[in-house]
1. Filter the GluC sites (Glu not before Pro) in the range 371-462 down to the DSSP loop ones having no more than 10 other Cβ atoms within 10 Å, then list what survives.
2. What is the sum of charges around ARG465, taking Lys and Arg as +1, Asp and Glu as -1, for the other residues whose C-beta is under 10 Å from the C-beta of ARG465?
3. Answer rounded, prolate or oblate for the range 297-417, using the Cα gyration tensor with square roots of eigenvalues a ≥ b ≥ c: rounded when a/c is under 1.5, else prolate when a/b is larger than b/c, else oblate.
4. Report D for the range 562-647 in µm² per second (integer): Stokes-Einstein, Kirkwood Rh on Cα pairs, 4 °C, 1.567 mPa s.
5. Need the full-extension length gain, THR616 to LYS352, defined as separation in residues times 0.36 nm minus the C-alpha distance. One decimal, nm.
6. Could you state the number of Å between the C-alpha centres of the range 502-550 and the range 464-500?
7. What FRET efficiency comes out for GLU533 versus VAL362 if R0 is 51 angstrom and r is the Cβ-Cβ distance? Round to the nearest 0.05.
8. Just to be sure I understand the model, the point goes 7 Å from the Cα along the line to the Cβ. What's the resulting ASP634 to ALA499 distance in nm?
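Rule-based calculations on the coordinates, nothing more; no lab input. Since the structure is predicted, the reported quantities are computational estimates derived from the model, not experimental observations. All Cβ positions, glycine included, derive from the backbone under ideal geometry; neighbour counts span all protein chains shown.
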Amino acid sequence: MEGIDFCFLGENEFCPGGPIFTNHKEQNLFLSISRPVDVYFPSRKRSRISAPFVFTEGRFEQKKQASIEVLPDECLFEIFRRLPGGDERGACACVSKRWLSLLSNICKDELCSQNESAKKNTQVKSEVEDEEIEGDGYLSRSLEGKKATDIRLAAIAVGTASRGGLGKLFIRGSNSSQGVTKVGLRAIARGCPSLKVLSLWNLPSVGDEGLSEIANGCHKLEKLDLSQCPAITDKGLLAIAKSCPNLTDLVIESCTNIGNEGLQAVGQNCTNLKSISIKNCPAIGDQGIAALVSSATNVLTKVKLQALNITDVSLAVVGHYGKAVTDLFLTSLSNVSERGFWVMGNGQGLQKLKSITVASCVGLTDTGLEAVGKGCPNLKQFCLNKCSFLSDNGLVSFAKSAVSLESLLLEECHRITQFGFFGSLLNCGANLKAVSLVNCFGIKDLKLDLPELSPCNSLRALSIRNCPGFGDGSLALLGKLCPQLQNLELSGLQAVTDAGFLAVLENCEAGLVKVDLSGCVNLSDKVVSVMTEQHGWTLEVLNLDGCRRITDASLVAIAENCFLLSDLDVSKCATTDSGIAAMARSNQLNLQVLSMSGCSMVSDKSLPALIKLGRTLLGLNLQHCNAISSSTVDVLVERLWRCDILS
């Protein structure tokens, strides 16, 4: 092959002339050896060479590709902060982890200013996108388990920055190998200055430095929830207190290294604090609780103290300084005695208290309960759980004192007997509307000869669950005392028979709306027949789950009388295909939810009836109906397309 001659005329021009190589053998490295090739170069025409080789005098070497990655972080940082908008920054963040890391470390005030038109376009676009994603104007993100990593937090910070940043961030758990650390929280702090709600659960790698980053960058923070974060100490909480004056809600749970100093700082700096919830923090004592409550005396409305090493002093402070408190929760306070509850009730500071829950507090006795009733004149809801030293006398005295009480719940208070229960109903004020008795084994079905007393006409809802001693005698007395019941729950009362429930129906003047008789195994069709005849015009919800003596006769009575019934549960009852067909024949029955779980005698023959009932059904439970085949279920799923079917 003949050599190709070139002559070099200028810096960027090649023209025919002399050869490039003095050794003609080197040309074989570039030209094909199959046949002669003629190459034409127009004279004096500039040609751009982009071959991946660099030629030298007697050799060639591969050309190194130019890359932006050779730039140091400082240069890339300057480039990124000059990008025109959030979309461009988001696209760059997808290139590599290095770029994502750099972009996530750019604060909002470090971005170069844009021209006015670009600002307006970006603002309008962001407003439209926010309206599509969140109706309340800001974004919310939640990371759980393996998804909770620093990289994801950085991506969230960059991706949401153009829309005003996050408003709510919830992190539940952490990746075991690449969990959340201060790096991820730093990205959130710099990219999301509008963050208002932050929840950190079970994050052992997050410490004071990470929380300080949030404090330095998210000055609008309003709600902070810290749970099982052992590396966070008073130092981190102090940073939040000093930099986040708008904090209104604080939750601290199982943070072993947060103590009194952190709570004192919150009380001094967060003047808008409205709600505190502190649970299982052994380093927090009376000093921290007292400082926090006394500092927020005019704004603090909700106080929740659980499993803390506090004493009577803390309750005394709550009783004196809790002038704005409306909701109070006291749980598992083993070091609080009778004196603490007595002082709290007599402190005259809980005038606005509307709801109180006391659970597993051995210090609550009759004396303390009576003092609480007298010291809280506006108390409307009272819940007692596992208060083992509370007796009938204390409950009756409380009922006399709490004249504004509307709702009373007693759970696992085993010293409360029939005398205390009925005594509280007889001595309550005219505002009591709901009473619940749950797992109280001290109730015995004794025959009481009470004089003629005025009934509790205000009571509308009564719930008695899993109290094995509650029987027909107690129900008969209830019927006389509570003639205006509308919602009645008698769950798991195996001692109740038809006679007891019929006595309630006999004295019930108002129409029953919701009735739950689940687990009352000794009730029969007679109860359902009488109830539907007398209250079918008002009955909306009926639960007969586990009433094994209920048969098709009850379903016939329901179909004939209950035109407003929307929710029916006959799970584990003795109903058959005939009962389902009877309900389907009713033209005025408009069920929305039907549960037949465990009805072994309902078979595929009920398919036409279920399809007809399905015209109004939104929910159908066929679980453990062994006589209904999978093909029947498939037909129902296809035909009842708007109904949720469990099978």
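1. GLU452
2. Here the count lands on -3.
3. Taking the square roots of the gyration eigenvalues as a ≥ b ≥ c, the range 297-417 is oblate.
4. Estimated via Stokes-Einstein, D reaches 104 µm²/s.
5. 90.4 nm
6. 11 Å
7. Once the sixth-power term is evaluated, E becomes 0.55.
8. Placing both labels 7 Å beyond Cα along the Cβ direction yields 5.4 nm.
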